[in-house]
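These notes are about the structure you will find just below.
The values are calculated or read from the model by the stated rules, or taken from the named source; none is laboratory data. Owing to the predicted nature of the structure, the values given are computational and were not obtained by experimental measurement. Here Cβ is always computed from backbone atoms with ideal geometry, including for glycine, and neighbour counts include all displayed protein chains.
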There are 2 protein chains.
Amino acid sequence: MAAEDADRVSEAEEARAERLDEDDRLKPEFVEAVREALQEDAETDVRDLVEPLHPADIADLFEILPREDRPALARGIADLMSGEVISEMNDYVRDDLLESLPPDAVAGIAEQLETDDAVALIEDLDASDQAAVLAEMGPEDRAAIESALSFPEESAGRLMQRDLVAVPEHISIGDLIDYMRENADLTTEFWEVFVVDPTHRPVGSVQLSWILRTPRGVAIADVMKRDQTLIPADLDQEEVALRFQKYALISAAVVDKAGRLIGQITADDVAHIIQEEAGEDTLLLSGAGEGDINEPIRTSYSQRVRWLIANLGTALVASLIIAAFGAAIEQLVALAILMPVVASIGGNAGTQTMAVSVRALAMNQLTRSNTSRVIWREMRVALLNGITVAALIGAATAAIFTPMLGVVIAAAVVLNIITAGMAGVLVPVIFDRLDQDPAVASSVFVTIITDSMGFFAFLGLAVASGLVG
Amino acid sequence: MAAEDADRVSEAEEARAERLDEDDRLKPEFVEAVREALQEDAETDVRDLVEPLHPADIADLFEILPREDRPALARGIADLMSGEVISEMNDYVRDDLLESLPPDAVAGIAEQLETDDAVALIEDLDASDQAAVLAEMGPEDRAAIESALSFPEESAGRLMQRDLVAVPEHISIGDLIDYMRENADLTTEFWEVFVVDPTHRPVGSVQLSWILRTPRGVAIADVMKRDQTLIPADLDQEEVALRFQKYALISAAVVDKAGRLIGQITADDVAHIIQEEAGEDTLLLSGAGEGDINEPIRTSYSQRVRWLIANLGTALVASLIIAAFGAAIEQLVALAILMPVVASIGGNAGTQTMAVSVRALAMNQLTRSNTSRVIWREMRVALLNGITVAALIGAATAAIFTPMLGVVIAAAVVLNIITAGMAGVLVPVIFDRLDQDPAVASSVFVTIITDSMGFFAFLGLAVASGLVG
């Protein structure tokens, strides 16, 4: 028996190792084998290959395959296309695939999903497709989804599951266990039992391990935790993710405006959000919008080109500054050779400080209480960085060109790095105070400040020092 | 009774609203009140103010207060300094605070923590402090921590808790419940029961809701899920986080090299890791290292200055290219005025593509199977972006300077944006293939490529076109 089990475990591990590499990614050889089977229309082979995969890996397979192979795969493994596969799939890949299916097929898939996943599937369809799919669904599922869709996008109300276990305070552990055993249609996706008052407002929660470890006769009221984190249904998903992380939650009750329990959110659903929201800043700061490799090319184009055009604007401001010093450059071409150095170093220093500030704001670490301390901190870091870099570039310039030009570029670099440090904190903080996402537009403003300051300080000091005149 | 409950709930909500703003951050007025009480040495006031806070909020309070106020706060609320407060605190703030405490006090704190949090507390101390603290601890806790410290930093072995519930396959649900009720020293922090064979290798798992909903007589073997995600103890925490997210896990078994169950990791511990790892790329790409607003200034300085110096190197390469065209610039100063535009646009386009690629690599979406497809995709986006931006800058230049200069700058911009798109994918992918973190050094290489290409294409085309000679 034990030997058999061990064999079973190692067989599963071996099967896994055939398909996934050490980083848990599908191996290219495996993907190639599926593609070949698809191209030969060998549906049985396709199914045999894919069947041992976890639903999340099947979803990955769809994403990795070229677009034109995906519908054939979906047909080939129709019986494996579970709700889990669909809900794990990248939004763009899923929407593209769903568009090729009739509404009743989409409704059939949506009905197997939990509310939150069904909502995720339906919310991106256009209004007429949405209506067609909803019309095909059973009345109960339809009502649940319509009610979820009434909450704002990316809110707790869209994320939550409506299925949960809620009981009154006066019952005993034994009653609770009997209730759960006898009601076959209760969800199994729950990690805590919520205790509610007669008006259905949460008064406490009990994690399942406590229920299992407590004698049957004890009252729920005596083991429940009264202090719990409640999630308002209209809270933004980014805040939901922060609360789960901050208070180390496994699940949490979602309440409506009157404070009544209307759903629950579990940590497995939040993991995606944390990843998305934390990773989003990288993309937003770069000006790449949502930056998904599966998004249609026209979306990538329109997201990115607007920031390139904004960047063109900032670059032209820099050009105007340079143009004002055209005569100086004609007189001393070394200025043209060195000026991009000053701007580039400032831009880099600004980006560093800005990235740190944007992260600290996103994690609620940089608040009104410590803003001035953080600015002072960044000023000191900037001063140290400025002196180091200025010494290097100043010495090199003095050696190659003239000592005076070395002094000028060193002073310009110090000035620009300090300006960059100031702008790198202040710009994101100001956006945050204005209730704007600091990751979205901070880059453009920090760049325009460091570019302008870089060219102005260097060329201006060159003129002021009498180096050119 | 119901009315009382409702009052209790709303009282708690009101108390919360006094201290926290709508984004769940401590209000500046509250922080200021604590500071004033600290400065007046009013320890009772301090305690009264802080006592209603959740441990995670107490940890936030330490982070937000200036460094010099923190030891006084720790003394004032000594009885509230639970393991949870300590483990929620920012690493730098915690280490700084711990350094001011004697080893036996640190050992006392470590003993109340779960293994994973105790390890996090001790691993950053220097070797002699670590030894002193371990010497003060009980033998069992010491053994657990020493064994955890034997795993590599940032591995599953350091993250895991050793406390878990593991049972053999042959027992019934009733036996299991009795076992859990009778063993008072079992952990309560578990969400699944692991089923093991006689050699202690995991053969399945049962989530607690299944146990609660199944009649006592049923065998564990009949309700357990055989297919579970096992985490090797030496797996990097980033991969652990990806598996939790990909397979929507609430908890997972950690196994040693022989496949034996040695610990568990739960979703609440992983939430931090997901946030850290996903946010890390923003900081790494900017060259800000770990970029924490609480890290000592000398750490920020040494992390950032190295990238500024690297950036200085890349900027000097660009200067060399400009210097090669010194004569052309002397002849036509418009070249100096416009050349930063071409470099800047290319840098921006490269950063966009790089951010998208780095995220896709981190999320295992960009693999060997689809690299060529993604490159081809980015080339098409780059072509669209290039044509749009080139048309704008070309027309403006033609109007202000000469039509020929407009053609030259337009061609240079298209060339540079396409180069940027290529570099933005290839540089991170090459680092990934070489098993290097693509977020760390990609920026420097992409910048040097887009800067060089920007100046070379624009100045080179100006000469080649006969604009200057």
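Details
- When restricted to residues that are in contact with a helix residue (DSSP H, G or I) (Cβ under 8 Å, 6 or more places away or on another chain) and not in a helix (DSSP H, G or I), the range B:420-455 contains 1.
- All positions within the range A:207-254 that are within 11 Å of chain B (Cβ to nearest Cβ), buried (at least 21 other Cβ atoms within 10 Å of the Cβ) and more than 23 Å from residue B:251 (Cα to Cα): A:235
- Residue within the range A:424-435 that is of a type in the set (Gly, Ala, Ser), at pLDDT 95 or above and in the same structural domain as residue A:336 (by TED's automatic domain parsing) present: yes
- One residue stands out in the range B:255-285 among those that are hydrophobic (A, V, I, L, M, F, W, C) and at the interface with chain A (Cβ under 8 Å from one of its Cβ atoms): the one that is surrounded by the fewest Cβ atoms within 10 Å (Cβ to Cβ), namely B:283.
- Residues of the range B:41-88 classified as without any contact (Cβ under 8 Å) to a residue 60 or more places away in the chain and either closer than 22 Å to residue A:229 by Cα or hydrophobic (A, V, I, L, M, F, W, C) (or both), total: 33
- Among the residues making up the range B:186-206, those that are more than 30 Å from the chain's Cα centre (by Cα), more than 8 Å from every other protein chain (Cβ to nearest Cβ) and either closer than 12 Å to residue B:176 by Cα or not in a strand (DSSP E or B) (or both) are B:195, B:200, B:206.
- Being surrounded by fewer than 17 Cβ atoms within 10 Å (Cβ to Cβ) and touching a Pro at 6+ places or on another chain (Cβ under 6 Å) holds for only one residue in A:15, A:42, A:33, and it is A:15.
- From A:379, A:422, A:453, A:404, residue being more than 24 Å from the chain's Cα centre (by Cα) and closer than 27 Å to residue A:305 by Cα: A:453
- Hits in the range A:348-376 - residues which are closer than 30 Å to residue A:465 by Cβ and within 8 Å of another protein chain (Cβ to nearest Cβ): A:348, A:349, A:351, A:352, A:353
- Flag for residue A:125 being in a loop (DSSP other than H, G, I, E, B) and of a type in the set (A, V, I, L, M, F, W, C): yes
- Unmet requirement for residue B:342, which otherwise passes all of (1) at the interface with chain A (Cβ under 8 Å from one of its Cβ atoms); (2) closer than 27 Å to residue A:330 by Cα; (3) among the hydrophobic types (A, V, I, L, M, F, W, C): (1)
- Selection over the range A:210-232 of residues that are of a type in the set (A, V, I, L, M), touching a Ser or Thr at 6+ places or on another chain (Cβ under 7 Å) and more than 26 Å from residue B:164 (Cβ to Cβ) gives a count of 1.
- Residue match in the range A:4-11 (condition: surrounded by fewer than 20 Cβ atoms within 10 Å (Cβ to Cβ), modelled with pLDDT of 80 or more and either within 13 Å of chain B (Cβ to nearest Cβ) or part of a helix (DSSP H, G or I) (or both)): no
- Some residue of the range A:172-181 being hydrophobic (A, V, I, L, M, F, W, C), touching a helix residue (DSSP H, G or I) at 6+ places or on another chain (Cβ under 7 Å), away from every other protein chain (no Cβ under 11 Å) and in contact (Cβ under 8 Å) with a residue 40 or more places away in the chain: no
- Some residue of the range B:287-303 being facing chain A (nearest Cβ under 7 Å), under 30 Å from residue A:328 (Cβ atoms) and surrounded by fewer than 19 Cβ atoms within 10 Å (Cβ to Cβ): no
- In the range A:38-105, counting only helices (runs of 4 or more DSSP H) that sit wholly within it, the ones holding 1 or more residues that are β-branched (Val, Ile, Thr) span A:43-50, A:55-64, A:83-88, A:91-99.
- Options A:317, A:341, A:407; residue that is in contact with a helix residue (DSSP H, G or I) (Cβ under 7 Å, 6 or more places away or on another chain) and crowded, with 23+ Cβ neighbours inside 10 Å: A:341
- Number of the exception - residue B:443 against (1) in contact with a Phe, Trp or Tyr (Cβ under 9 Å, 6 or more places away or on another chain); (2) at pLDDT 95 or above: (2)
- Taken together, A:329, A:337 contain a single residue that is more than 36 Å from the chain's Cα centre (by Cα), facing chain B (nearest Cβ under 7 Å) and in contact (Cβ under 8 Å) with a residue 12 or more places away in the chain, which is A:329.
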